[in-house]
Amino acid sequence: MAKQTKLVPAARPFLKWAGGKTQLLNEFSKRLPNDLKTGKITKYIEPFIGGGAVFFYLNQRFSFKKSYICDVNEELILSYRVIQRSTKKLISELEMLESDYISKSEVKREKLFYEIRSAFNQKLPDFKFKKYNSDWIERAAQIIFLNRTCYNGLFRVNQKGEFNVPFGRYKKPEILNEDNLNDVATLLKTTKILCGDFTQCRKFVDDKTFIYFDPPYRPLNQSSSFTSYAKNGFCDKDQLRLVDFFKELDDKNAKVMLSNSDPKNENPDDSFFDDLFSDYYIERVPAKRMINCNGARRGNINELIITNYRTKKTK
């Protein structure tokens, strides 16, 4: 494996993110392309960045000249950009929020949570996501605060784009991790951050690129559905667009990996992804289903890892 020769910070996700890939990092590491390990690959692209577990993992282990991350979620991308550009000011904002929160009783903590959530949502209609300014720093601090103190550490919005997760009763939530934010900022120095549809990365792709797709998973059933990371969701039509884009990148001789839910967990006859990706390498790996309104339906399931190249597991 082509290890980094320079000192690399041990950055990890700064947000709790539903569907985060920390639990599958070991499975991904077994299926990385050889061109990545030999140093031929010089670019990394992740069009659905989410919490960034795979991005942080790979950047600590390989020498990319440039990384590109993207997401349609404006709040999420705002957070990455603030850490990239204004880490110290963000840390200062979080210090004040954490100090105020920790000093309060549970009743007053809950009151503060809903006050911040309400202020956060009220500013949404007029918030300027296109032009970086000081308001971004306060908003990023609020995003991290709400994420760290809400129920189950979710990031979920309604159709208006408003954050709607209720208060979580944690005794010692980690609102600020200064060391990690500084480490994240270091890795973001060589990263281009994009906001929008996953196809935005098209112009950066060549035969020295590795792309990892982690789209909102196709729901296995109604009770497991959770695609509200952004107000417009992600439907089967979007999954089909993603397949077409996967094929387009394959034609550019880029190395591509994609993960998604396995419909056969619920219906052995459901070959949705098997049919769509029949020209590629499809593997099923064990994972734990963490999101389900029915607790009895959480537990061990299979997930799909799809690549356009052979791995040690597919040879």
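Values computed for the structure shown
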item: Single condition residue 179 does not satisfy, out of (1) surrounded by 18 or more Cβ atoms within 10 Å (Cβ to Cβ); (2) without any contact (Cβ under 8 Å) to a residue 40 or more places away in the chain; result: (1)
item: Selection from region 9-25 of residues that are without any contact (Cβ under 8 Å) to a residue 60 or more places away in the chain and either of a type in the set (Phe, Trp, Tyr) or under 18 Å from residue 210 (Cβ atoms) (or both); result: 25
item: Failed item, numbered, when residue 117 is tested on (1) farther than 17 Å from residue 188 by Cα; (2) within 20 Å of the chain's Cα centre (by Cα); (3) buried (at least 21 other Cβ atoms within 10 Å of the Cβ); result: (2)
item: Extreme residue, surrounded by the fewest Cβ atoms within 10 Å (Cβ to Cβ), among residues of region 127-175 that are of a type in the set (Val, Ile, Thr) and under 19 Å from residue 72 (Cα atoms); result: 157
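This table checks each residue for (1) closer than 20 Å to residue 189 by Cα; (2) surrounded by fewer than 20 Cβ atoms within 10 Å (Cβ to Cβ); (3) assigned by TED's automatic domain parsing to the domain that holds residue 262; (4) touching a Pro at 6+ places or on another chain (Cβ under 6 Å).
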position: 32; (1), (2), (3), (4): no, no, yes, no
position: 77; (1), (2), (3), (4): yes, yes, no, no
position: 80; (1), (2), (3), (4): yes, no, no, no
position: 90; (1), (2), (3), (4): yes, no, no, no
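The values are calculated or read from the model by the stated rules, or taken from the named source; none is laboratory data. Everything numeric here is computed off the predicted structure, so don't read it as measured data. Virtual Cβ from ideal backbone geometry, glycine too; neighbours counted across all protein chains shown.
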